[in-house]
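This report concerns only the one structure given below.
Read-outs throughout are calculated quantities, based only on the coordinates presented, and are distinct from any laboratory measurement. Note that the coordinates shown come from a computational prediction; the quantities given were computed from them, not determined experimentally. Counting neighbours? That spans all protein chains shown, and the Cβs are built from the backbone with ideal geometry, glycine included.
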Amino acid sequence: MKDFNGMENQDLMQKIVSLAKRRGFVFQGSEIYGGLAGTYDYGPLGTLLKNNIKDSWLKKFVHSRTDMYLLDAAILMNQNVWKATGHVDHFSDPMVECLKCNKRFRADQLLKDLGKTGVDGMTIEQFNNKFKSGDDIICLNCKAKNWSEVRQFNMMLQTKVGASEDSAATSYLRPETAQGIFVNFKNVLDSMNPKMPFGIAQIGKAFRNEITPRDFIFRLRELEQMEIEYFVKPSEWSNHFEYWKDEIMEWMESVGLDMKKVYSVEIGDGDRAHYSARTIDFEFEYPFGQKELYGLAYRGDFDLSRHADGSGQKLQYVDQGEEGSEVFVPHVIEPSFGLDRTVLAILTSSYREDTLGEEPRVYLALNPKIAPYKIAVSPLLKNKPELVEKSKDLFGILKSEFENVVFDDNGNIGKRYRRQDEIGTPFCVVVDFESLDDDSVTVRFRDTGSQQRIKISELNSYFKEKLA
Ligand code: ATP
């Protein structure tokens, strides 16, 4: 498969993974011990990038609004939470094992990898029939065709809480952040008195014991989600759904996703959860195929009603109107964002190769808003004390104003530019001999390599405008 800029997609993926490691964005989890499948660690630059994405999400969906409340719920929850929602019984994927090499696969993924269609929504019985009948279903590891029964594999990571070993001590690492919001619905109502409609937003870790974690940070066992539960009057859900669809698209564009690679896919009747009258998956064209990036689901009153039944508490809203009060269980629109999948989609969208000054180069065309470093400051030569001193002074000034600013005097100026290009720093500021006389510096732009002379006294307002 060819990518839009002519690169083989498999190459592109390898290049992104290698750049991510080489430049401190993403490392394999527990790497010096041989790793742990489905876990990755974010390095210094990856952490900055991730934080900038979270900040942008919080700014748009929480801080710039008056109807949104933040939450930071515990990862460990009472096991009855997951019984009430059906996760204990149903949060599973179909698993099949190759009887020759004993490798386990997610049955639906394996069929899709082998080019089979009509896989979504298949029952366990249908999977079993398919694996028994099809001698064209080969193990991707050893090429054998001898399969175990397909069975449901629960993806919740179980743990024990406290010193007791009995079943009362069972807990789960949450498989989604959403339920922390629903179980705190009453607490937020009682403490904040929100007016309808309103939302509760949360960013946090979730855990899924995926059968086959893969594709770098796309399918992880430890992942991070940014989720909103937006509570509305039941009769008004449809307009709110449309509104959230637009908001999600707007945010994706603002963080620099290549919108030509984004597809909003309406999920058909047979494939939606039974309680949802409408779901959209936002898919992204990753180098390994078009896959789910985010979800937008209308969940009706499913979660609040389940938790009301499970806990025996009233989870409802009392609307005090002019003509008396109306009591109802709010309906929910859920925009759900995977943070790790966002990082990968942004890296995919921004990876570029070109030729500059007759030299090939690699750069990340990151939106300045989310680039790990906004500005790199350098002396033209690092062995000239007067240049070093002036550039360090300037670095201090810019850092106190723009925070994510780096001082870089490694290697020669050409190498510094290449290094900053590769990590997506949009602006490099260089102090040279002229600067000593005229108090101006060179600002060099990442995407074009072009340069502009600017007075030091004007730099603050210049970058404020560029980084707004
Ligand atoms: P998939 O079909 O790819 O397994 P899902 O439909 O189970 O995903 P949701 O339960 O809707 O995913 O989770 C909400 C969001 O969390 C997803 O849109 C995705 O961005 C993210 N996400 C889910 N599972 C993973 C995972 N294993 N690794 C990384 N991100 C994930």
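The table that follows gives values for the structure above.
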read-out: Principal-axis tilt of helix 237-254 within the chain, Cα atoms, nearest 10 degrees; value: 30 degrees
read-out: Lysines whose Cα lies under 20 Å from that of K390, excluding same-chain neighbours fewer than 8 positions away; value: K374, K382, K399, K455
read-out: In order through region 279-285: 3J(HN,Hα) via Karplus (6.51 cos²θ - 1.76 cosθ + 1.60), integer Hz, x for Gly, Pro; value: 9, 10, 9, 8, 9, 10, 7
read-out: Region 102-184: C-alpha gyration tensor shape, a/c 1.5 cut-off, then a/b vs b/c; value: prolate
read-out: Environment charge of E242, counting only residues whose C-beta is closer than 14 Å and scoring Lys/Arg +1, Asp/Glu -1; value: -3
read-out: Cα centroid separation - region 165-208 against region 112-147, whole Å; value: 37 Å
read-out: Set of lysines with alpha-carbon distance to K59 below 16 Å, sequence-local pairs under 8 removed; value: K50, K369
read-out: 15 Å beta-carbon shell around S378, net charge (K/R +1, D/E -1); value: +4
read-out: Three-way shape call for region 1-158 based on the alpha-carbon gyration tensor, with the a/c threshold at 1.5; value: oblate
read-out: Cα centroid separation - region 263-321 against region 338-352, whole Å; value: 24 Å
read-out: Residue-wise HN-Hα coupling along region 144-161, computed from phi with Karplus coefficients 6.51, -1.76, 1.60 (Hz; x: Gly, Pro); value: 6, 10, 10, 10, 6, 4, 7, 9, 6, 10, 6, 8, 7, 8, 8, 8, 10, 10
read-out: 23 Å Cα cut-off, lysine pairs counted over region 108-221 (separation 8 or more, or different chains); value: 15
read-out: Built amide H within the under 5 Å cut-off of A206, gap 5+; value: L223, E224, Q225
read-out: The chain - Debye-derived log10 I(q)/I(0), Cα point model, q = 0.07, 0.10, 0.13 Å⁻¹; value: -0.46, -0.88, -1.27
read-out: Local net charge near H331, Cβ-Cβ under 12 Å (Lys/Arg +1, Asp/Glu -1); value: -2
read-out: Point-to-point label distance, L114-K291, nm (Cα→Cβ direction, 7 Å offset); value: 2.0 nm
read-out: Rounded tilt (10° steps) of 413-422 against the dominant C-alpha axis of the chain; value: 10 degrees
read-out: 5 angstrom amide H check on Y351, placed H, neighbours 5+ away; value: A365
read-out: Trypsin sites (Lys or Arg not before Pro), loop per DSSP, at most 11 other Cβ atoms within 10 Å - longest free stretch of the chain; value: 315-468
read-out: Nearest-ten-degree value, helix 9-22 long axis tilted from longest Cα axis of the chain; value: 70 degrees
read-out: HN-Hα J in Hz across region 87-103 - Karplus 6.51, -1.76, 1.60, θ = phi - 60°, x for Gly and Pro; value: 5, 4, 8, 10, 7, 9, 10, x, 10, 9, 10, 6, 6, 8, 9, 6, 6
read-out: Relative contact order %, the chain, counting alpha carbon pairs below 8 Å whose residues are six or more apart; value: 13 percent
read-out: Relative exposure of E224, E389, E266, judged by other C-beta atoms within 10 Å (fewest first); value: E266, E389, E224
